[in-house]
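Bear in mind these aren't lab numbers, they're just calculated from the coordinates by the rules spelled out. Note that the structure is a prediction, hence the values are computed from the model and not measured. We place every Cβ from the backbone using ideal geometry, glycine too, and count neighbours over all the protein chains shown.
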Amino acid sequence: MNNEFILYDRIVNGNLRPHLERFSTPVGLKELEKEFYSKTIIIQNDNIGSLFDEFINDFHGIKDGDKLEIEISDDDATPQIVLRPILNSEEESLINIDIPPPPNEKAEIFLRIIENEYNRIETSLTKNLTSLNNENDIKIYGLKNIQIAKKIARDSHLLGKKIEKIGVESWDNPNTYIIYVLKKHLIYSLLIMQNIYCPLIGQKIQTEGELEDELFDCQHSIAISKAASLSDFINVRHIEKLYNEIAKSATLEEKINLFKNKVIEQMQSITKKSKSKYGVVKFEYDLKKLYQKELGKLLSEYYYRKLISESKEIGIVKKYEQIIKTITKLKINHASIEGQALESSDFFSKMELEKELLKELMDISLSIPKPENICKDLISLLVVMQTRKHSFRNENQLNDYLCDLLRVKGYYVADQSRSGRSGSDNVENYESGELDISIRDITNNGVIKTIIESLEIDSCGDGNNVIKSHIGKLLSRYDTAGNEENYVIVYSKASDFNALWIKYKNHIDRFIFQGVKNVEDIEVEQISKSNIKVGKSYIEKEGKQLKLYHLFVDMKK
């Protein structure tokens with residue numbers, strides 16, 4: 001039963017290994033070429049036919065249809081014939097795009113040897129289907145050669161890694177180039193064998209990518225991943241270049257118009273090329289998708305601002321109706337440029353979430369009691385938020401929802417208001433800072449009476465400057481009038497909620513109040529079974545004793 005891969009095995013494990021010393025000199029390369037492409041025979045009789053048979057048997061890579069060149073010597077004493085295979089001019093010469101040009105003469109010789117041997121293997125594999133005696137012999141032959149080819153492929157991959165040179169590209173290193181060529185032709189051979197013999201032996205026919213992953217350390221998957229990463233990088237640079245074409249101060253509407261025009265231009269290009277004899281290449285469609293995706297992000301930001309960020313004061317019911325109306329209109333026009341672009345973004349899923357939150361607020365507003373005590377009210381609303389914690393993506397969304405709940409309860413609330421001074425310690429750098437939430441006294445010209453600062457934490461080590469920064473801004477910058485009570489809401493993301501609460505209190509005592517134990521726990525009946533902790537600190541300011549409440553909420557998802 002023939003082993004079709006003896007020559008390939010010699011290149012990996014035998015005397016044809018490309019990195020051997022014998023192939024580093026012109027003499028060695030001449031001997032290699034002679035072994036495979038020239039044979040001198042001394043004529044002992046007139047049976048020329050037997051000489052051809054001997055030549056074909058001795059040389060690898062000779063297949064039916066190949067032509068030979070004959071050179072007869074002039075020496076009468078020892079007449080000789082030199083035979084060399086020549087290219088069959090009747091065969092079309094093909095370029096293999098998987099294999100780059102050889103870097104030197106050695107690589108070129110091995111490339112020819114490997115390609116010629118592959119052609120012989122291809123012929124032999126097909127011929128054996130008719131020459132073998134029975135189906136069982138065919139199965140054994142196919143299974144045996146598939147196993148042999150896979151073993152040599154694995155061996156060649158290991159050899160290639162051993163002979164790599166640091167700082168030298170694989171294509172520039174003749175030895176690793178030859179191994180790459182061999183690996184490719186082994187894959188080609190396996191693809192042919194599997195298509196012929198796997199249906200007979202009951203094995204799955206693998207794709208080229210599956211074979212490369214099995215035999216070459218997942219090289220196919222890695223290559224696909226690298227190609228995707230490179231494509232993403234190029235896309236990012238292309239989008240950046242387009243943004244550079246307009247002013248840095250361009251409005252959101254101007255950016256939307258830029259990419260809307262790009263989508264239109266690309267659609268027109270696709271329509272035009274689809275009518276040509278060459279058709280439309282995949283790249284044209286990919287470019288359209290790229291522009292569409294960017295337009296979708298911009299439109300999503302535009303409508304989110306319009307429907308959510310810039311509509312805080314219009315009332316929950318009106319806000320809900322506005323969202324429903326806008327979404328319905330956009331979905332009706334889903335085939336439009338704007339509709340298709342939004343479909344490629346997360347806009348509609350974000351709006352569904354906002355609708356759910358507003359719907360819940362409307363339900364709550366029917367039964368929620370009027371303002372009683374800010375501390376108790378905040379705690380009750382935080383309990384409500386805990387039940388919805390899987391819906392919130394970030395701190396801003398938590399604050400938005402809390403503001404809406406406070407408004408439903410009847411408080412006059414402004415969120416992200418500009419007031420007081422920023423966190424800078426430099427007097428010259430004092431700027432208007434952003435409050436998370438401020439509650440105003442509607443009976444006293446809207447004067448701020450309580451400030452609520454919020455933050456997210458999952459740890460509380462000595463180096464945590466987030467807590468100090470937030471509380472410092474609240475006490476020293478925002479509260480310039482000296483409110484009777486202010487609040488810090490801490491959204492805990494830690495696995496051990498109770499442990500983080502203890503660390504938080506110690507942190508406040510050490511770093512905010514310089515070692516004085518100041519945070520005292522408060523028992524609140526309504527949260528006895530909820531993961532909410534309440535602490536209170538007293539602050540002396542201009543002869544007044546002010547209260548700072550710490551509301552510590554478990555928001556670990």
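Things to note:
- Counting 0.36 nm for each residue step from residue 336 to residue 322 and taking away their Cα separation leaves a gain of 3.0 nm.
- FRET efficiency for residue 210 and residue 144, using Cβ-Cβ distance with R0 set to 25 Å, rounded to 0.05: 0.75
- Pairs beyond 27 Å (Cα-Cα), from 184/275; 273/350; 162/282; 389/536; 272/350; 106/151: 184/275; 273/350; 162/282; 272/350
- Whole-Å distance, taken between Cα centres, linking segment 288-305 and segment 158-225: 42
- Under 19 Å from the residue 123 label point (7 Å along Cα→beta-carbon), backbone N, segment 1-18: 2-8
- Computed lengthening from residue 363 to residue 35, 0.36 nm per intervening residue step minus Cα-Cα distance: 109.1 nm
- Potential lengthening between residue 444 and residue 131 on full extension [0.36 nm per residue; Cα-Cα distance subtracted]: 102.3 nm
- In this rough spin-label picture, where each label sits 7 Å from Cα along the Cβ direction, the residue 6-residue 115 distance is 2.5 nm.
- With the highest mean first, a sort of the peptides 129-141, 484-496 on other beta-carbon atoms found within 10 angstrom per residue produces 484-496, 129-141.
- In this structure, residue 509 and residue 246 have a Cβ-Cβ separation that, at R0 = 45 Å, corresponds to a calculated FRET efficiency of about 0.30.
- Dipole magnitude of segment 232-281 about its Cα centre (Cβ charges: Lys, Arg +1; Asp, Glu -1), debye to nearest 20: 360
- Distance in nm between pseudo-label sites at residue 289 and residue 465 (7 Å out along the Cβ direction from Cα): 4.3
- The charge dipole of segment 105-198, taken about its Cα centre with unit charges on the Cβ atoms of Lys, Arg (+1), Asp and Glu (-1) only, comes to about 320 debye.
- Cβ-Cβ FRET estimate between residue 520 and residue 393, R0 fixed at 41 Å, reported to 0.05: 0.75
- As a proxy for reagent exposure, 460, 198 were ordered by neighbouring Cβ count within 10 angstrom, fewest first; the result is 198, 460.
- For segment 201-218, backbone nitrogen atoms closer than 17 Å to the point 7 Å from residue 282 Cα along Cα-to-C-beta are found at 207-210.
- For peptides 173-179, 116-122, 464-470, sequence by mean Cβ density within 10 Å, most packed first: 173-179, 116-122, 464-470
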